Amino acid sequence: MSEPTDPGFNPLLAPAAAPQRHLLHIAATVAADTGSWPIFQYVEAALDEVGHDAADVLASMPIVQGHGHLHYSWSRRGLITPSPEVPIALTIAGLAQLPEFADTVDAFVRVVAELGIRRLNASYDPHAVVEVVVHGPDLLRALGIEDVPLMNLLPELLQSEPATWHGGQGTEGNEWVYKPAAFIRQYRDVRTAEEYLDRVFAWIAPVVAPPEPTLPSPLGLAAAFDYLNVVWRLRFGKQLVHLPGAERTTRLAFDAQTPEEFDNRLSALVEMIKGLAVPGDAGGPSQRLQTFLRLHLEDDAMARVDHAASTLHAVTQVRNAGQHVDASARAARALAKLGLEYPLRQPVSDWRRIQTKVIEALDAIRDEIRLPQPSSQGS
């Protein structure tokens, strides 16, 4: 069994179903072969041959909706069925679903990062506005991507992607040029399609943090572990919680005033979670919780257990991301699950929210595994 699905997961990164992938492949292949996107009538006819309705397939694709008319999906489409002559153009999110176009996606991400660097490093004048101009063919040659499929459509991609549609385009002589806006600087360190699409998702549909939680007691987290342990021992006859040490356990009762203290508290909490003695030897503690309890609980009880396990898993992911520089995308999704924004900036409120979420998760598991009360006997 895989780890629980994170509700904060970026829908743009969800794997495409077979009909969706078929449509994406048709559009990308035609564009690579002919230099332009196929019209809807052509795509519709191609999907008809294999028993799929093109309009239904387009409508089934995930869409990230922002304020007003702002939206982004795997194809650059409106919210209605296209007319027969409308081109079915893909976004980078759509191309990222096709392994055969991985080089194209990687090349675009490199272009975005380079544009961000050039905008940041341009020479600015304290008394005059400086227009940053990047010559497209020179950029392609500098990055060594002139022969990558669909790079002939790069001007169109730049105009249509959220990261770059703020910039301007034009021509100088016989060359196309791109004029990056200040917005592009936040993409200067992007390295992968996943990172790029996570930032697009976060910009279009940002997570709104709930109000700062108030803990009922500084001992609430320790008490939640303790209460769960008692009920687990009564139900299964074994100890569930093993303390990592008095000093480290005591950290859970204190607030986190600085980022260093936040990391300190989070490390102690994750040690507690990883130390849960759940039977089984496959996967992490949250996965073992689900596997083991599924043998003992009804499906309606498992719905709460699965949600609680996903919370514990998200907390572990946040801590792991702090130790591995390549885990930022996973951290962003895990924080969204916990109702927090990436990157963390408020150690006091961030730590309190994590405490509250973990207490809720532990209490939910405890509620579902508690021994049933004896039924009263009639006289």
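Report, in debye and to the nearest 20, how large the dipole of the chain comes out about its Cα centre when Lys and Arg carry +1 and Asp and Glu carry -1 on their Cβ. Could the numbers behind the result be given before it?
Numbers: 32 positive and 46 negative charges, 314 e Å.
The dipole of the chain has a size of about 1500 debye.
So, in the chain, how many Lys pairs have Cα atoms under 30 Å apart, if the pair is 8 or more places apart or on different chains?
5
How much of the accessible area of the chain, in percent, comes from carbon and sulfur atoms when a 1.4 Å probe is used?
Values: 10010 of 18970 Å².
Result for the chain: 53 percent of the exposed heavy-atom area is carbon or sulfur.
Looking at segment 60-129, which trypsin sites (Lys or Arg not before Pro) are DSSP coil and have at most 15 other C-beta atoms within 10 Å of their C-beta?
Working: sites: 76, 77, 110, 118, 119; in loops: 76, 77.
Nothing satisfies the criteria.
Over segment 116-206, consider all pairs of different Cα atoms and compute the Kirkwood hydrodynamic radius from their mean reciprocal separation; express it in Å, one decimal. Before the final figure, lay out each step's value.
Details: mean 1/r = 0.0698 Å⁻¹.
Over segment 116-206, the inverse of the mean reciprocal pair distance is 14.3 Å.
Got a sec to turn the phi values of segment 110-121 into Karplus ³J(HN,Hα) couplings, 6.51 cos²θ - 1.76 cosθ + 1.60 with θ = phi - 60°, whole Hz, x for Gly and Pro?
5, 4, 4, 4, 5, 4, x, 5, 5, 5, 5, 8
Can you figure out the FRET efficiency of residue 292 with residue 81, using R₀ = 35 Å and their beta-carbon distance, to the nearest 0.05?
Values: r = 48 Å, r/R0 = 1.37.
Efficiency computed from Cβ-Cβ geometry: 0.15.
Among 232-245, 338-351, how do they line up from the highest to the lowest mean number of other beta-carbon atoms within 10 Å? Numbers along the way, then the final one.
On the way: 232-245: 14.2, 338-351: 18.1.
In decreasing order of mean packing, 232-245, 338-351 become 338-351, 232-245.
Obtain the radius of gyration and the Kirkwood radius of the chain from its C-alpha atoms and give Rg over Rh. Intermediate values should be presented prior to the final figure.
On the way: Rg = 25.6 Å, Rh = 24.0 Å.
Rg/Rh for the chain comes to 1.07.
Name the residue from 140, 181, 351 whose Cα lies farthest towards the positive end of the charge dipole of the chain, charges +1 on Cβ of Lys and Arg and -1 on Cβ of Asp and Glu.
Ranked along the dipole, the leading option is 351.
Counting heavy atoms of the protein chains only and a 1.4 Å probe, report the per residue accessible area for the chain as a whole number of Å².
50 Å²
Taking square-rooted eigenvalues a ≥ b ≥ c of the alpha carbon gyration tensor, is segment 8-47 rounded, prolate or oblate, where a/c under 1.5 means rounded and, failing that, a/b exceeding b/c means prolate?
Numbers: a/c = 2.91, a/b = 1.88, b/c = 1.55.
Because a/c hits 1.5 or more and a/b exceeds b/c, segment 8-47 counts as prolate.
The values are calculated or read from the model by the stated rules, or taken from the named source; none is laboratory data. Keep in mind the model is a prediction, meaning the values are calculated, not measured. Because the Cβ atoms are built from the backbone with ideal geometry, glycine has one as well, and the counts that use them run over all protein chains shown. In case anyone asks, the SASA skips ligands and DNA or RNA and just uses the protein heavy atoms, side chains included. Shrake-Rupley method; radii C 1.70, N 1.55, O 1.52, S 1.80 Å.
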